[in-house]
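Visitor: Attaching a single structure in structure tokens format; questions to follow.
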Amino acid sequence: MTTTTATPAQAGAAGAPGAKKRPRTILGLTLNGREREDLITDGLLLLDYLREVVGLTGTKQGCDGGECGACTVLVDDQPRLSCSTLAVQVQGRRVETVEGLTEGGTMSPLQQAFHESLGAQCGFCTPGMITTAEALLRHNPNPSVDEIKAAMGGNLCRCTGYVKIIESVQVAAAARNAQGGKGS
């Protein structure tokens, strides 16, 4: 288990002299398959915890209002917007980021499909797209185009018309099915 103590800035603590100290909590969770504990302030967003405390920068800050999906992570296999989730809300839960979907340091079949099928344009929305698609494929290994569109509906991309994103999910589904449903 990894145990760290975040700096006051990382933990979201009031840093100015004489400022009120915010309540702190020891956050215990499983992050990308590894148990860890960190001392954080209660008001710290999951997005900020992942990026600033843990150093996982794959999860992106997009709209800051829960509307674009760039910050999507998986919490117990369900897509969750990390920009509108407090880190303390994932206490004792399993959280996966795009970094956690790699297999032995290489891209997962889903990540590879996004790369080869040109589902990633500028790449900013890609981590949220991939984690959302991962949740879909875990629950529905052979989704229709309409099911892919419905699942991906909360993820916005400014670079593409979504055709290549849908194709990427289809390619990944076919690859997984050819492997007997295995692969992230």
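Visitor: Please verify whether L47 is under 12 Å from V90 (Cα atoms), modelled with pLDDT of 60 or more and outside any loop (DSSP other than H, G, I, E, B), treating the condition exactly as stated.
Guide: Criteria met by L47.
Yes or no, residue by residue, for (1) surrounded by fewer than 21 Cβ atoms within 10 Å (Cβ to Cβ); (2) among the small types (G, A, S); (3) in the same structural domain as I40 (by TED's automatic domain parsing):
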| site | (1), (2), (3) |
| --- | --- |
| S82 | no, yes, yes |
| A113 | no, yes, no |
| R138 | yes, no, no |
| P143 | yes, no, no |
| A150 | yes, yes, no |
| C157 | no, no, no |
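Visitor: Give the residue that is surrounded by the fewest Cβ atoms within 10 Å (Cβ to Cβ), with candidates limited to residues of the stretch 119-136 that are within 14 Å of I166 (Cβ to Cβ) and touching an Asp or Glu at 6+ places or on another chain (Cβ under 8 Å).
Guide: L136
Visitor: Are there any helices (runs of 4 or more DSSP H) wholly within the stretch 72-181 with 2 or more residues that are among the hydroxyl-bearing types (S, T, Y) and within 12 Å of the chain's Cα centre (by Cα), and if so which?
Guide: Passing ranges, in order: 126-139.
Visitor: Six or more apart or on different chains, Cβ atoms under 6 Å: show the pairs whose first residue is in the stretch 114-137 and on the phi < 0 side of the Ramachandran plot and whose second is outside any helix (DSSP H, G or I) and polar (S, T, N, Q).
Guide: What qualifies is Q121/T160; P127/T59; G128/T72; G128/N155; M129/N155; T131/T72; T132/T72; T132/N155.
Visitor: Ok, one more. In the set C125, C157, which member is modelled with pLDDT under 95, within 30 Å of I40 (Cβ to Cβ) and hydrophobic (A, V, I, L, M, F, W, C)?
Guide: Just a single option satisfies the conditions, and that option is C125.
Visitor: Do you know which of the residues in the stretch 64-80 that are closer than 17 Å to C157 by Cβ and in contact (Cβ under 8 Å) with a residue 60 or more places away in the chain is surrounded by the most Cβ atoms within 10 Å (Cβ to Cβ)?
Guide: T72
The values are calculated or read from the model by the stated rules, or taken from the named source; none is laboratory data. Owing to the predicted nature of the structure, the values given are computational and were not obtained by experimental measurement. Cβ coordinates were reconstructed from backbone atoms using ideal geometry, including for glycine residues, and neighbour counts include every protein chain displayed.
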